[in-house]
Amino acid sequence: MAYEQELAIAQEAVTLAAKLCEAVRRDMVPEAMEKSDMSPVTVADYGAQAIICRALAAAFPNDPVVGEEDAADLQKPEMATQLQQVTDFVKAQISAATSEQITAWIDHGNGEVARRFWTLDPIDGTKGFLRATNMRSPSP
């Protein structure tokens, strides 16, 4: 297979991101934040993109990532609580992560389409993720 290394890196990153998403789903009812285009974004979206972009940047520093999320809103003072939530969930997977690193990793997804690039939609179907999380049965 021509892309064995890429596949292995991607699978490892997606596994960590999936663990983060499951933790968000399990541990909190994710309040949707609203992006400038009025679409929802969650702590899980930001955390998953951070984890995956971190892995791709480390393994393939010359490959741009075209991702869905941008950390600009998350860095606003009124979003401090949400940034801390993202940081806490990412730190559960990458213990040394800082808020500054996490926002930089998210923004690594602001790349441009090139001859070789990665594309990322952290949670394809954020509205469905929110519905499923809000419909979960209470813990005994």
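Each reported figure results from applying straightforward, stated rules to the coordinates on display, with no laboratory input. Fair warning: this is a prediction, and the values are worked out from it, not measured in the lab. Neighbour counts are summed over all protein chains in view; Cβ atoms, including those assigned to glycine, are modelled from backbone coordinates with ideal geometry.
Taking other Cβ atoms within 10 Å as a rough exposure proxy, 107, 88 sort from fewest to most as 88, 107. If R0 is taken as 35 Å, the Cβ-Cβ distance between residue 59 and residue 38 corresponds to a FRET efficiency of 0.50. Sorting the segments 77-87, 12-22, 38-48 by their mean number of nearby beta carbons within 10 angstrom, highest to lowest, gives 38-48, 12-22, 77-87.
Can you tally the net charge around residue 98? Count Lys and Arg as +1, Asp and Glu as -1, for every other residue whose Cβ sits under 15 Å from the Cβ of residue 98. The partial results should precede the final answer.
Working: positive: 54, 91; negative: 88, 100, 107.
Local charge sum for residue 98: -1.
Charge tally around residue 12: other residues with Cβ under 15 Å, Lys/Arg +1 each, Asp/Glu -1 each, net 0.
Qualifying trypsin sites (Lys or Arg not before Pro) in the range 52-119, where qualification requires a DSSP coil assignment and no more than 14 other C-beta atoms within 10 Å, comprise 115, 116.
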